[in-house]
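K.L.:
Can you read through this structure? Questions will come right after.
A short reminder: the numbers here are calculations on the coordinates, not readings from a lab. All of these numbers come straight from a predicted model, not from anything done at the bench. Positions of Cβ are generated from backbone atoms using ideal geometry, with glycine treated the same way; all protein chains shown enter the neighbour counts.
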Amino acid sequence: MALGVYLSVPFCRTKCSYCNFASDVFSRATFAGYIDRICSDIERAPVVAEQMGGQYESSVDTVYLGGGTPTLLDSAQLERLFVTIRQNFCLQPETEITVECAPGTLTAPVLEVLRRCGVNRVSLGVQSFVDAEAAVVGRLHKRATVFDDLENLRSAGITNINIDLIAGLPYQTTECWERSLSDAIASAAPHISVYMLEADEDSRLGRELIAGGTKYHAHFVPDDDLTADFYLAGCERLNAVGISHYEISNFARHGFESRHNLKYWTRQPYLGFGVDAHSMLKVDRAGKNFSEDKRTETDETVSPWRGFEAVRFAMPDSLEGYIAVRPPKRTPLSRQAAIEEIFFLGLRLIRGVDLRQAATQFGVDSINEFAATISELKENGLLESDGSVIRLTTRGRLLSNEVFEKFITIAESVG
Amino acid sequence: MDRALIRNFAIIAHIDHGKSTLADRLLELTGSVSAREMQAQVLDAMDLERERGITIKAHAVRMMYQAKDGQIYQLNLIDTPGHVDFSYEVSRSLAACEGALLVVDASQGVEAQTLANSYLAINHGLEIIPVINKIDLQSADVARTKEMIESTVGLDTTDALLISAKTGQGVPDVLEAIIKRVPPPKGLPERHLQALLFDSWFDSYRGVVVLVRVFEGSMRAGQKIRLWSNGRVFELETLGVLTPKPVVINELVAGEVGFLFANIKSVADTKIGDTITDDEQPAIEPLPGFEEIRPMVFAGLYTVDAHEHTQLREALDKLRLNDSSFFFEPESSVALGFGFRCGFLGLLHMEIIQERLEREFNLDLIITAPGVRYKITKTDGELIEVDNPSKWPNQSEIAKVEEPVILATILTNEEYVGGILKLVEEKRGKQKSFEYVSSSRVMLQYELPLNEIVLDFYDRLKSVSRGYASLDYHLAGYWESPMSKLDILVAGEPVDALSIIVHRDFAYDRGRALASKMKELIPRQMFEVAIQAAIGAKIIARETVPAMRKNVLAKCYGGDITRKRKLLEKQKEGKKRMKRIGRVDIPQEAFLAVLKVGEGSS
């Protein structure tokens, strides 16, 4: 199975208040060292995959350059990343190559290098088309910038474009939200993501919201109910114009779904390079078979990863740690953990989870263990079923964490 | 020792008026403690006492003093607890003395506890020597202090001693005054033994340590002694005195004070105020004044972690070895699981027990709203006592409820009287007296239902008087009152741990306050949750926690599924820590915070 490749560029011009990612503002001097480090990681990928106990694959069919703000890198640096990827992996025809861009960073040289490197998809971090709203959380662009960028991208031949929007920004009103939605639709981008603002400890605004304070305009953040209304309004309007809901936060015209992001939800393997980059690889089938079927008491040669279905590993989440080549953090997934992922990741998709298919993969008994949970969730109006497929209801999508929680068992951490 | 050379005395003082400092000076002057080994305030032994600046355990210290008349006297200083919760212990300590020093801070004047304890001393026929302390302070007002002592305690202050315990000024005169003015003890060594047990505590090496004052007869090691109240007999193992270091002696005779070990395992056997006599030649009658200690304040104690229930039981058992004045029995609550119903002497006592359990036994505790013990006459004529809301009968079965009432004495400066009157009226108080004890100092006496005192009265009094009011009270009988059980229902299910007994006039306000507090504390659930306050079947207040609309993790940075899973696990674990009542998850904090909903904040 072809891999997805993710490259993390944790550099930004400013740190937005809602950002809960490991990106930050660093001097340009650090960029070069970082590119060296990430390129050497790409070269070492087969070794690392083996160390982690994952199944390596050289063919790749999606590449995603995310951030941070990858387009802060200069042309040579961007080009070197893509060249290194192409030298070390076997890119399939029609590989989806996405770059995340902050509006206003798409200079002519950047556009030129994107085109030359075969980038065929761009994700624009718009967040809001209302200038005041965007400014309050630290975005540096205006509405007009976005439309200029769109025009430039299309001139450069890149038409597969995503626009990110955030529902629940400080000062956002129903009317503002409708304006952002209208502009997003009018932009004719075939893919739109709608994220609801998250109040968590990993962003400055989130911490302030939890603390009930007034920094970062936290006290002007719409309440949960209003944000939920924004989200529902977004789903309705986008679906109505043929930009169909396919994942909790994602909408696309038919055929424009993000193939890279789908790998995350459908548990297809991927490798991540760079600060706080995440990978998931399947565990060698031999190991699994040894443990499940052919294991004997005296067999000393079985794979140390026997019994695990897949392995996740994460690169250090600080630039310092990454440059210092600290080892990745490894989380092996038991079959039980994998089954749980089938549910809490797969249910994010509007198409839902096919229980029959899951049973084929993991055994009928393993899936049947969730029967009571599933019927309780159906009774509560959070899940619905259609043949052998279960999916979240509209209400269930807004309460998806409550649903997912039910599919999780809390065990002692493994590995 | 010649009885004529013995003096037994106590020190009566308000907190911070200098009792411990004066005791330290007396110990120094008599050479009982060398300056080097002296920690500040040696009488307060337990950490907790030192921290709170109050003496919980009474102690008795023997000092030998060569007076100006050339004679060597035996002075026994009997320390008394300084808080209203322990007034019975105070009365027993005073009963062991012939005299008392009444220490009053010259800058503060007479406070309520000082007054109450002075009355106790007068009732016991003690000679009281007024001592005006802190005369070195700029704000000292000796004349006004004297005036207050005269008008409140009713003592002649012509010969009051003026001292500064801090600097030592005037302290030698205190020793001389004790010799001259406190009468020597009466009683004869050859009579049948009558000794007053005025304190006891558990020592993990020696078992129970008992402090005694011998009134008649004598005690010696090997003697068989009998405790009057329960008839139990023990062999007297060791006799001693505290100097304050323990020193073993052969004999304690009439008039003397000391400690004993007799291989006693439980302090529950050694009741304060009991009489100790000789088993073979017992006295004809006990000493007067013994009472069984009865708890006044009741609350449920639960561990936050249900698995710690056994540890809590062990801790309570151990603590009771040390403090027989609190009571506990198992109870269970739907909301909180298995716990104990505990009875305490008062609120401070309750706090001390809770703190000791948490500190010495490392337990996290939930304590339910404190309440009192009601006398209920049922319609069928049966008389029952109820201290636990969950045992409250149906309203239809109740003919009459009587609630305990206290007589409270409050001393304050006149500028705070307005606020205090408002407070005591709000707490259903009935005025007994209102008196100016000096030009600016007022003494109020009110009858108040104990139920109104236990929740937040101290804190409220402190805040309306900015700390310039002192309170003392004692049980003064019962009132018949329309008391009802107020229940809190969450999604239709009563939450037993939140039930309280409340006066009918306050039911609506309390119900509303509790319901709205619960609304703040219960997180939104998957469905709408009704919170109701009810008396019997009657709903008197209602709040609604709307259903949760949104709980979504939107973004997935670069495929970080591990983080997503961790968040879901954290969410799930958070719910496990909550108490589930019916279908509703209630956080532990809700049970704690409800205690803080006093009438004042409603």
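K.L.:
With n ≥ 4 as the cut-off for DSSP H runs, can you work out [θ] at 222 nm for the protein assembly as shown, using -39500 (n - 2.57) per run divided by the number of residues, rounded to the nearest 500?
P.N.:
-9000 deg cm²/dmol
K.L.:
Could you please rank B:S516, A:S155, placing first whichever residue has the fewest other Cβ atoms within 10 Å of its Cβ?
P.N.:
Starting with the residue having the fewest Cβ neighbours, the order is A:S155, B:S516.
K.L.:
Show me, for the range B:317-331, the HN-Hα J-couplings you get by feeding each phi into the Karplus relation (A = 6.51, B = -1.76, C = 1.60, θ = phi - 60°), rounded to Hz, glycine and proline as x.
P.N.:
My calculation for the range B:317-331 gives 4, 5, 5, 5, 4, 9, 9, 7, 8, 10, 10, 8, 8, x, 9 Hz in order.
K.L.:
Now a separate question. Given the peptides A:89-100, A:320-331, arrange them by the average over their residues of other C-beta atoms within 10 Å, most packed first.
P.N.:
Most protected by this proxy first, the peptides run A:89-100, A:320-331.
K.L.:
Still on this structure, please answer the following. Let me know the shape class of the range B:348-476, please: from the alpha-carbon gyration tensor, a ≥ b ≥ c as square roots of the eigenvalues, rounded when a/c is under 1.5, otherwise prolate if a/b is greater than b/c, or oblate.
P.N.:
oblate
K.L.:
Would you work out which of B:L486, B:H124, B:L75 lies farthest towards the positive end of the dipole of chain B, given +1 charges on the beta-carbon of Lys and Arg and -1 on that of Asp and Glu, about the Cα centre?
P.N.:
B:L486
K.L.:
Let me ask something else about it. Hey, got the dipole for the range A:1-139? About the Cα centre, +1 on K and R Cβ, -1 on D and E Cβ, debye to the nearest 20?
P.N.:
320
K.L.:
Would you list B:D487, B:D317 from fewest to most Cβ contacts within 10 Å?
P.N.:
Exposure proxy ranking, most exposed first: B:D317, B:D487.
K.L.:
Quick check of the Kirkwood formula: for the range A:3-261, what is the inverse mean of 1/r over all pairs of different Cα atoms, in Å?
P.N.:
After inverting the pairwise mean of 1/r, the radius is 19.2 Å.
K.L.:
When a/c is below 1.5 the answer is rounded, else prolate if a/b is larger than b/c, else oblate, so apply that to the protein assembly as shown with a ≥ b ≥ c taken from the square roots of the Cα gyration tensor eigenvalues.
P.N.:
prolate
K.L.:
Here's something else I'd like to know. For the range B:337-347, take each phi angle, set θ = phi - 60°, evaluate the Karplus expression 6.51 cos²θ - 1.76 cosθ + 1.60, and give the result in whole Hz per residue in order, putting x for glycine and proline.
P.N.:
In residue order, the calculated couplings are x, 8, x, 9, 8, 10, x, 10, 5, x, 5 Hz.
K.L.:
How large is the charge dipole for chain B, taken about the Cα centre, if only the Cβ atoms of Lys, Arg (+1) and Asp, Glu (-1) carry charge, to the nearest 20 debye?
P.N.:
2600
K.L.:
If you don't mind, another one. Going by amide H atoms built from the backbone, whose H comes under 5 Å of the H on B:I12, apart from near neighbours?
P.N.:
Amide H neighbours of B:I12, under 5 Å, 5+ apart: B:L101, B:L102, B:V103.
K.L.:
Can you pull the one-decimal nm distance between simple spin-label points at A:N239 and B:T379, each 7 Å off the Cα toward Cβ?
P.N.:
5.9
K.L.:
From the Cα gyration tensor of the range A:73-124, with a ≥ b ≥ c the square roots of its eigenvalues, which class applies: rounded if a/c is under 1.5, or else prolate if a/b is larger than b/c, or else oblate?
P.N.:
oblate
K.L.:
Let me ask you something else. If the viscosity is 1.306 mPa s and the temperature 10 °C, what translational diffusion coefficient in µm²/s does Stokes-Einstein give for the range A:335-415 when Rh comes from Kirkwood over Cα pairs?
P.N.:
D, rounded to a whole number, is 125 µm²/s.
K.L.:
Taking each residue of A:98-108 in turn, how many C-beta atoms of other protein chains fall within 10 Å of its C-beta, and what is the average?
P.N.:
If you average over the peptide's residues, the count of other-chain Cβ atoms is 0.
K.L.:
Name the residue farthest towards the positive end of the dipole of the range B:145-222 from the options B:V208, B:L175, B:F198, assuming +1 on Cβ of Lys and Arg, -1 on Cβ of Asp and Glu, about the Cα centre.
P.N.:
B:V208
K.L.:
Shifting gears a bit: Quick one: the Cα spread of chain B along its three principal axes, in angstroms, biggest first?
P.N.:
The principal-axis extents, from largest down, are 90, 68, 57 Å.
K.L.:
Given B:V495, B:F340, B:A408, which one lies farthest toward the positive end of the charge dipole of chain B, if we put +1 on the Cβ of every Lys and Arg and -1 on the Cβ of every Asp and Glu?
P.N.:
About the Cα centre, the residue reaching furthest to the positive side is B:V495.
K.L.:
Here's another thing I want to ask about it. To make sure I understand, if each residue's beta carbon is the centre and we count other beta carbons within 10 Å, what order do B:V267, A:V122, A:V364 fall in, fewest to most?
P.N.:
Starting with the residue having the fewest Cβ neighbours, the order is A:V364, B:V267, A:V122.
K.L.:
How many angstrom lie between the C-alpha centres of the range A:313-359 and the range A:124-185?
P.N.:
Taking the Cα centre of each part, the range A:313-359 and the range A:124-185 sit 30 Å apart.
K.L.:
Same structure, new question: Expressed as a rounded percentage, what relative contact order does chain A have, with Cα pairs under 8 Å and six or more residues apart?
P.N.:
15
K.L.:
Can I ask one more? Scan around B:F328 for amide H atoms under 5 Å from its own, H built in the peptide plane at 1.01 Å from N, and keep only partners 5 or more places away or cross-chain.
P.N.:
B:G343
K.L.:
Follow-up. Using 1/(1 + (r/R0)^6) with R0 = 51 angstrom and r between the beta carbons of A:T159 and A:K378, what's the FRET efficiency to the nearest 0.05?
P.N.:
0.80
K.L.:
Something else now. Assuming R0 = 30 Å, can you tell me the calculated FRET efficiency for the pair A:E175 and A:N152, based on Cβ-Cβ distance, to the nearest 0.05?
P.N.:
0.55
K.L.:
Over the range A:335-415, calculate the relative contact order: mean separation of alpha carbon pairs under 8 Å at least 6 apart, over the residue count, as a percent.
P.N.:
32 percent.
K.L.:
Mind checking which lysines have their C-alpha under 23 Å from B:K579, skipping anything on the same chain fewer than 8 residues away?
P.N.:
A:K406, B:K391, B:K485, B:K517, B:K519, B:K550, B:K566, B:K570, B:K596
K.L.:
Could you list which residues have their amide H under 5 Å from that of B:F527, counting only those 5 or more apart in sequence or on another chain, with H placed in the peptide plane?
P.N.:
Excluding prolines and chain starts, which carry no amide H, the hits are B:M548.
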